[in-house]
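Before any comments, here is the structure.
The values are calculated or read from the model by the stated rules, or taken from the named source; none is laboratory data. Since the model is a prediction, treat every value here as computed from it, not as a measurement. Cβ coordinates were reconstructed from backbone atoms using ideal geometry, including for glycine residues, and neighbour counts include every protein chain displayed. Calculation scope for accessible area: heavy atoms of the full protein, side chains included, ligands and nucleic acids excluded. Shrake-Rupley method; radii C 1.70, N 1.55, O 1.52, S 1.80 Å.
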Amino acid sequence: MTDRPQPPSPLTGTGTGTGTGGTTAPLTRIIRDTLDRLRAFDRHRPRAWDTAVTAFWVVAAVLDYTSGGWRTVAHDDVTAPEFLVLLMSLGFSLPLLWRRTHPVAVLLLMAPVSVVNIWTGAVVQAALLQLIPVFQIVLRSSLRTVGSAALLFVVPVLAGGVRIPAAWGQEVVSYVWGLVFVVLLGIAVRTRREYTEALVERAHRLEHERDQQARLAAAAERTRIAREMHDIIGHNLSVITGLADGGAYAARKNPERAGQALEAIGTTSRQALAELRRLLGVLRDDHPDADRTPQPTLDELAPLIDRVRRAGLPVHLELNGDPLQASLTPGRQLTVYRVIQEALTNTLKHATGPTSATVTLTRSRTHLDTHITDTGTAAELGTTAGTTAGTTAGTTTGTIAVTEEAPLPAQGIMGMRERAALYDGTLEAGPLPDHGGWQIRLRLPLEDTHQ
């Protein structure tokens, strides 16, 4: 059996509208827009709104007096003259001008008028306007103040009941029920308002936290990109510089070797451009098909060492315990690769005299240790400037050399330290104890640890 199409509803305009989103009922939308305009007008011109409301109730109270409507509820033994009835009607309506700014004061002003009203037996209907400041008090004040306002409203009625026993069956009961209804309504409105304000505050807080997280993520991404750019450009330019110097020297004696150096320079330059193009291509939003080749792993360690050797630095690679077969995550493999790359790059740039380097990778049951040493004097690196020590997860230990003339080595070691800290590793960097050389020790756990 198929469903029959529902006829259009006079409220929703469609048979299946839910009243939300694009299917909001026309009448609901009109009411909501009207209320929004009234709230906006009230926020910008509160005095004008208060004046309009007060004028409405003043007119209603005066009409009740002039039409004699108050006599329909007055007691038979009423002793109030008509001019006093008019004054009481105005006394209940005019103070409403300050009902929102000073509701307690307004209720205090109305209390004597209420006593006179009940005591004389006139019982003008404008007395019920006392419930308006009571409602405002419930919306804004404490429970103690609400209780005091309720007593201030009820006591004159009870006094009138003592004065005129017939009032118990009409005025007292109706006044008390009206008070209960207004208090409950005020509590409901106040609860709803506080709940809405809490939701708005939470939304603002979440928005602020989201923006803060976005800024932190952007800063971390900038740091990561800067680190990658430093490793790519610094290493390849150092290799190119070494090849160019060697080619210039060989050109005078062995043109064939100079040609090989130029060929190696071209290969290294193209590789550097490819890495930069891949890195920058990922950052461009308008190129979703940018090349996203995986980052270097330990499988590319041998080509890296070959390029450094061609640049003129003899490098010896030692592998203990099949480190290349270790179950390292891609991020850890990239960390080891970049640390070795940075260490050899620093040796190419800063070591003086006859220099060679040794790269040792040792795999244990829980860790992968990387040890890079060179035999250069590192004269351009200057003296040791500081020592940072630590063995907890996410920290590094070591001695870092920095100079005023060349701050880049310290930045390079700082980048290596950050890479190690990402995977709960430790990094030690400093001069060799026995001779003029430099060493870097990297220790990475094979799996995530929580120490």
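Note on segment 420-442: residues that are modelled with pLDDT of 85 or more, among the charged types (D, E, K, R) and farther than 15 Å from Val359 by Cβ total 2. In segment 161-171, is there at least one residue being out of contact with any strand residue (DSSP E or B) (no Cβ under 9 Å at 6 or more places or on another chain), surrounded by fewer than 17 Cβ atoms within 10 Å (Cβ to Cβ), modelled with pLDDT under 85 and not in a helix (DSSP H, G or I)? For segment 161-171, residues out of contact with any strand residue (DSSP E or B) (no Cβ under 9 Å at 6 or more places or on another chain), surrounded by fewer than 17 Cβ atoms within 10 Å (Cβ to Cβ), modelled with pLDDT under 85 and not in a helix (DSSP H, G or I): present. From the list Leu90, Leu96, Leu108, the one residue that fits, being closer than 25 Å to Leu158 by Cβ, at pLDDT 85 or above and open to solvent by 90 Å² or more (accessible area, probe 1.4 Å), is Leu108.
Looking only at segment 115-127, count every residue that is under 55 Å from the mean Cα position of the chain (by Cα) and either more than 17 Å from Gly178 (Cα to Cα) or buried (at least 24 other Cβ atoms within 10 Å of the Cβ) (or both) and tell me the total. So the answer is 2.
Here Thr101 meets each of (1) of a type outside the set (A, V, I, L, M); (2) open to solvent by 40 Å² or more (accessible area, probe 1.4 Å); (3) closer than 25 Å to Phe153 by Cβ; (4) modelled with pLDDT under 80 with one exception, condition (4). Taking segment 299-331 as the range and being in contact with a Leu (Cβ under 6 Å, 6 or more places away or on another chain), modelled with pLDDT under 85 and either open to solvent by less than 20 Å² (accessible area, probe 1.4 Å) or outside any helix (DSSP H, G or I) (or both) as the test, the residues that pass are Val308, Ala311, Leu313, Pro323, Ala326.
Looking at Asp64, Asp77, Asp42, just one residue is out of contact with any helix residue (DSSP H, G or I) (no Cβ under 7 Å at 6 or more places or on another chain), modelled with pLDDT under 80 and acidic (Asp, Glu), and that residue is Asp77. Cβ-Cβ distances below 6 Å connect the following pairs, each with a first residue in segment 185-214 that is within 28 Å of Arg140 (Cβ to Cβ) and open to solvent by less than 100 Å² (accessible area, probe 1.4 Å), a second residue that is of a type outside the set (Asp, Glu) and in a helix (DSSP H, G or I), and a separation of six or more residues or different chains: Gly186/Phe135; Gly186/Val138; Gly186/Leu139; Arg190/Leu139. Scanning segment 336-384 for residues that are at pLDDT below 80, among the aliphatic types (A, V, I, L, M) and in contact with a strand residue (DSSP E or B) (Cβ under 6 Å, 6 or more places away or on another chain) returns Ala351, Ala378, Leu381.
Among the residues in segment 141-150, are any over 23 Å from Arg43 (Cα atoms), among the small types (Gly, Ala, Ser) and touching a His at 6+ places or on another chain (Cβ under 9 Å)? No - not one qualifying residue is present in segment 141-150.
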